[in-house]
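The block underneath contains the structure these notes are about, expressed in structure tokens.
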Amino acid sequence: MAAADRMIDLRSDTVTRPSDAMRRAIAEAAVGDDQYGEDPTVNRLQARIAELLGKEAALFVPSGTMANQIALKLLTRPGDVVLVGEQAHIMWLEAGAGAANAGVLFKPVGRGGLFTAADFAAAYQAPGHIVLPPTGLVAIENTHNFGGGLIFPQDEIVAICTAARAAGVRSYLDGARLFNAAVASGMPLAELAAPFDLASVALSKGLGCPIGSVLAGSTADIAAAIRIRRILGGALRQAGILAAAGLYALDHHVDRLAEDHDKARQLAERLASLPGVLLDPGSVQTNIVVIGLAPELPEANAIASRARDAGVLLSAIGPRTLRLVTHLDASVMECREAAEILSRVLDPQ
């Protein structure tokens, strides 16, 4: 049983707290007014992310949701259709912001968060139709959150973005966990981002920063994104104290993501053998474990409540679906302890 005063928190990799070393970097950051483009630490972070993603320019924003909303307003017109994978974050997990801010419709294609160039072609709607709204954007989430941290196949990404460009459709990469995809696949970030007009990465998930995401794209697109950030209330002042955490994380927290992937696989292997647990350990590619519950087991909310009482926090993301996310603040031993606690919660016999 987990200690009474300590919970093992596997709800998300966003629950991480800055380390002592990261806090020192924050405290020592050189700052200026980022609204005027004068914060040296923000400028360093933006330049570094642009280089890592192989883009001309980049823009620091407070959150991944804001990054996605800027992308929608920048790359679409009201009434456009945005093609996404099933259960995409940009469609389901942003409080309806795509409709409220950009006036777009979403059309999920494919299965389990993944889709193909053939799916794109089948769903595409050309502009100028008297009734049908046009396809204005294709957005790909890599890794896919509700898909269990799946890495989107790069050859399919290239094919989709090539087809989109030929059709005059813009492309956007929601790369909130792109660092996980890069570490797990061994592919450079720039290669993963290359097919897209615009890409984003999050600093506040696997990298363990307290706040922040970064958009990267062409110089012209990022210049336009700056104004949209202002419209959405995301213009910042002495943001170097936040950017310094990102720079620290790029130096110290990227390669260690492989540890989180190992912890997730160990969790999956332990839990997959339990009666009523619907989980293929081979499907766990990064740091997210999504568990289906067979009808003979209680519903997800009940399991999550029991787990909490036993000392483990996890997320119920559907009536019969649970999600666990490993991260740098949950050690190998804690993840093993969580697996044993959950095994008793799921199979109390």
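The values are calculated or read from the model by the stated rules, or taken from the named source; none is laboratory data. In this text, all values refer to a predicted model and were calculated from it rather than measured experimentally. Reconstructed Cβ throughout: ideal geometry from the backbone, glycine too, with neighbour counts over all protein chains shown.
Quick look at the numbers
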item	result
Members of the stretch 208-223 found to be closer than 12 Å to L45 by Cβ and β-branched (V, I, T), listed by number	V214
Flag for A243 being buried (at least 22 other Cβ atoms within 10 Å of the Cβ) and closer than 30 Å to L74 by Cβ	yes
Test: residue in the stretch 198-218 that is among the charged types (D, E, K, R) and farther than 15 Å from M66 by Cβ	no
Residues of the stretch 231-253 that turn out to be without any contact (Cβ under 8 Å) to a residue 12 or more places away in the chain and farther than 22 Å from A27 by Cα, as a count	1
Qualifying residue in the stretch 196-217 (condition: assigned to a helix (DSSP H, G or I) and of a type in the set (D, E))	no
Test: L137 is surrounded by fewer than 21 Cβ atoms within 10 Å (Cβ to Cβ) and not assigned by TED's automatic domain parsing to the domain that holds I291	no
Residues within the stretch 146-180 that are in contact with a His (Cβ under 9 Å, 6 or more places away or on another chain) and either at pLDDT 95 or above or surrounded by fewer than 21 Cβ atoms within 10 Å (Cβ to Cβ) (or both), tallied	9
Matching option when the condition is over 16 Å from H144 (Cα atoms), touching a helix residue (DSSP H, G or I) at 6+ places or on another chain (Cβ under 7 Å) and acidic (D, E), among E51, E56	E56
Neighbours by Cβ (under 7 Å, 6+ apart or cross-chain): first from the stretch 9-27, over 22 Å from N180 (Cβ atoms); second in a loop (DSSP other than H, G, I, E, B)	I26/P18
Subset of the stretch 290-314 (residues that are under 13 Å from L342 (Cα atoms) and within 21 Å of the chain's Cα centre (by Cα))	I291, L313, L314
Cross-chain or 6+ apart pairs with Cβ under 6 Å, the stretch 61-72 first and under 13 Å from E141 (Cα atoms), then part of a loop (DSSP other than H, G, I, E, B)	G64/A176; T65/E94
Near pairs, Cβ below 6 angstrom, 6+ apart or cross-chain, from the stretch 208-228 (assigned by TED's automatic domain parsing to the domain that holds F60 and surrounded by fewer than 24 Cβ atoms within 10 Å (Cβ to Cβ)) to any residue that is assigned to a helix (DSSP H, G or I) and among the charged types (D, E, K, R)	I228/K73
Residue match in the stretch 264-271 (condition: of a type in the set (D, E, K, R) and surrounded by 21 or more Cβ atoms within 10 Å (Cβ to Cβ))	no
